[in-house]
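Accompanying notes for the structure given below.
The values are calculated or read from the model by the stated rules, or taken from the named source; none is laboratory data. These figures come from a predicted structure and were not determined experimentally. Quick reminder, even Gly has a Cβ in these numbers, built from the backbone with ideal geometry, and neighbours come from all protein chains shown. Only protein heavy atoms, including side chains, enter the accessible area calculation; ligands, DNA and RNA are left aside. Shrake-Rupley method; radii C 1.70, N 1.55, O 1.52, S 1.80 Å.
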Amino acid sequence: MPVAFSVKPTLIGERVLLRPFVDDDVAAFQAVLADPEVARLTGSPPGEGSDPGRLRAWYSSRNAQTDRLDLAVVDRATGACVGEVVLNEWDGPNRSCNFRTLIGPAGRDRGLGTEAVRLVVGYGFERLELHRISLEVFAFNPRARRVYEKVGFVAEGMLRQVLRDGGGWVDATVMSILAPEWAVHRGHPHS
């Protein structure tokens, strides 16, 4: 019997801890979402995450959601919340969902994002008994695409010109990972 999406676990890795949100995370996300690079890489309008009341309302409601899993990414070395991982758009009959992540500047370039993705994807397959986890990554975010490939996501196709970026348009690659693939490599397809 799979664990329900309403269960909000704490997942512990070597470098990161994934846990349910706490009130103190609002300040961390206010800083993360104020970063222009984060806004651009996630396709968010500039300044969208700057309202503390809106952020508090959003993050304080994440732990009560029964059809999605939102967890804070905490850097174990500093104890700081540096981002989030999310399994959402759950399709129960087909045992599939979407994945997205957001890692702020304090969590970059140290393998925290890769470990966080492995932990939550592993939880999705091993505890939630998902069959498929998919995502979209914008063409101007090769760092994120490399992380997804390292964990075992496979490119399926391209969504053309899905995001307006300044004066131009940006494509997104659709990627997924399947339970049988995870069972073979457990997030380390090239080792």
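Ignoring ligands and nucleic acids, what accessible area does residue 169 show with a 1.4 Å probe (Å², nearest 10)?
Residue 169 exposes around 130 Å² with every protein chain in place.
Just read off the accessible area of residue 149 with the full protein assembly in place, 1.4 Å probe, to the nearest 10 Å².
Only protein atoms counted, so the area is about 70 Å².
What list of ³J(HN,Hα) couplings, whole Hz, do you get for the range 59-76 from phi and the Karplus terms 6.51, -1.76, 1.60, once you set θ to phi - 60° and write x for glycine and proline?
Listing the rounded values in order: 6, 6, 9, 5, 5, 8, 6, 9, 10, 7, 10, 10, 10, 6, 9, 10, 6, 5 Hz.
Can you give the log10 of the normalised intensity I(q)/I(0) at q = 0.15, 0.20, 0.24 Å⁻¹, computed with Debye over equal Cα scatterers of the range 1-103?
Evaluating at q = 0.15, 0.20, 0.24 Å⁻¹ gives log10 I(q)/I(0) of -0.65, -1.10, -1.39.
Students often get this wrong: which residues of the range 1-38 have the backbone nitrogen under 15 Å from the point 7 angstrom along Cα-to-C-beta of residue 60?
Counting only backbone N, you get 21-27.
Ordered by residue, what ³J(HN,Hα) values in Hz, to whole numbers, does the range 89-95 give under the Karplus form 6.51 cos²θ - 1.76 cosθ + 1.60, where θ = phi - 60° and Gly and Pro are x?
Per residue, the Karplus-derived 3J(HN,Hα) values read 6, 5, 10, x, x, 9, 6 Hz.
Amide H of residue 80: which non-local residues (sequence gap of 5 or more, or other chain) have their own amide H closer than 5 Å, using H built in the peptide plane?
75
Considering only DSSP beta bridges where both residues belong to the chain, give the percentage that are antiparallel (nearest 5).
Values: 34 of 37 bridges.
Looking only at bridges with both residues in the chain, the antiparallel portion is about 90 percent.
To the nearest 20 debye, what is the magnitude of the charge dipole of the chain about its Cα centre, counting +1 on the Cβ of each Lys and Arg and -1 on the Cβ of each Asp and Glu? Each step should come with its number before you reach the end.
Numbers: 23 positive and 24 negative charges, 54 e Å.
Charge dipole, the chain, about its Cα centre: 260 debye, nearest 20.
Tell me, what HN-Hα J-couplings in whole Hz come from the Karplus equation 6.51 cos²θ - 1.76 cosθ + 1.60 at θ = phi - 60° for each residue of the range 110-126, using x for Gly and Pro?
Ordered by residue, 3J(HN,Hα) equals 9, x, 5, x, 4, 5, 4, 5, 4, 4, 6, 5, x, 4, x, 7, 7 Hz.
How far apart, in nm, are two points set 7 Å out from the Cα along the Cα-to-Cβ line at residue 51 and at residue 80?
Those two pseudo-labels are separated by 2.7 nm.
So what's the net charge close to residue 186: Lys and Arg +1, Asp and Glu -1, counting the other residues with Cβ under 12 Å from its Cβ?
Working: positive: 118; negative: 126, 181.
Once positives and negatives cancel, what remains is -1.
Of the heavy-atom accessible surface of the range 49-121 (probe 1.4 angstrom), what whole percent is carbon and sulfur? Before the final figure, lay out the partial values.
Details: 1580 of 3180 Å².
Here it works out to 50 percent.
Once you order the gyration tensor axes a ≥ b ≥ c over the Cα atoms, which shape class does the chain get: rounded for a/c under 1.5, otherwise prolate or oblate by comparing a/b with b/c?
Working: a/c = 1.42, a/b = 1.09, b/c = 1.30.
Rounded, because the longest to shortest axis ratio a/c is under 1.5.
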